[in-house]
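Every read-out reported here was derived from the displayed coordinates using simple, explicitly stated rules and does not represent laboratory data. The structure displayed is predicted, hence computed values, not measured ones. Don't worry about glycine lacking a Cβ; one is built from the backbone with ideal geometry, like all the others, and counts go over all protein chains shown.
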Amino acid sequence: MLFAQSEAEPPETWAKEVEVWISSTDDESQMTRAGRWTLAQTAEPQEFGFARATVRRVRLRILTNYGSAAYTSLDEFALLQPKM
């Protein structure tokens with residue numbers, strides 16, 4: 001997984017705690033948590049791994065930010081190809 005924050009947004013709005021859920025089917029009830037991570041308060045891209053799996057559906061949950069009550073921002077989220 002790759003997460004990136006935007007320097008155009010105030011750092012207190014940046015996503016902090018995130019979860020990613022995946023499924024190998026379109027069935028919502030088959031989703032399993034791939035991981036839960038705490039993002040550093042940096043604009044540098046951050047990568048996290050999870051167990052290799054076939055992925056057809058992805059759900060990103062942003063649980064907290066760095067203190068903003070107004071909104072939460074996240075500039076980029078991507079699933080990357082497995083590293084060999």
Within region 54-73, count every residue that is outside any strand (DSSP E or B), closer than 16 Å to Glu19 by Cα, touching a Ser or Thr at 6+ places or on another chain (Cβ under 8 Å) and aliphatic (A, V, I, L, M). 1
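For region 37-51, give me each residue that is within 11 Å of Met1 (Cβ to Cβ) and not in a loop (DSSP other than H, G, I, E, B). Don't jump to the end; show me each part of the working.
Residues of region 37-51 within 11 Å of Met1 (Cβ to Cβ): 37, 39, 45-50.
Scanning region 37-51 gives Trp37, Gln46, Glu47.
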Given Arg36, Arg52, Arg56, which one is in contact with a Pro (Cβ under 9 Å, 6 or more places away or on another chain) and basic (Lys, Arg)? Arg52
Please identify the pairs in which a residue from region 33-45 that is touching a residue at least 40 places away in the same chain (Cβ under 8 Å) has its Cβ atom under 6 Å from the Cβ atom of a residue that is part of a strand (DSSP E or B), counting only partners at least 6 apart or on another chain. Pro45/Leu2; Pro45/Ala4
When the residues of region 9-18 are filtered to those that are assigned to a loop (DSSP other than H, G, I, E, B) and crowded, with 16+ Cβ neighbours inside 10 Å, which remaining residue is farthest from the chain's Cα centre (by Cα)? Glu9
Test: Trp21 is farther than 12 Å from Ser73 by Cβ, surrounded by 14 or more Cβ atoms within 10 Å (Cβ to Cβ), within 9 Å of the chain's Cα centre (by Cα) and of a type in the set (Phe, Trp, Tyr): no
State which residue pairs qualify: first residue closer than 22 Å to Leu80 by Cβ and inside region 1-26, second residue assigned to a helix (DSSP H, G or I) in any location, beta carbons under 7 Å apart, and separation of 6 or more residues or different chains. Ser23/Gln30
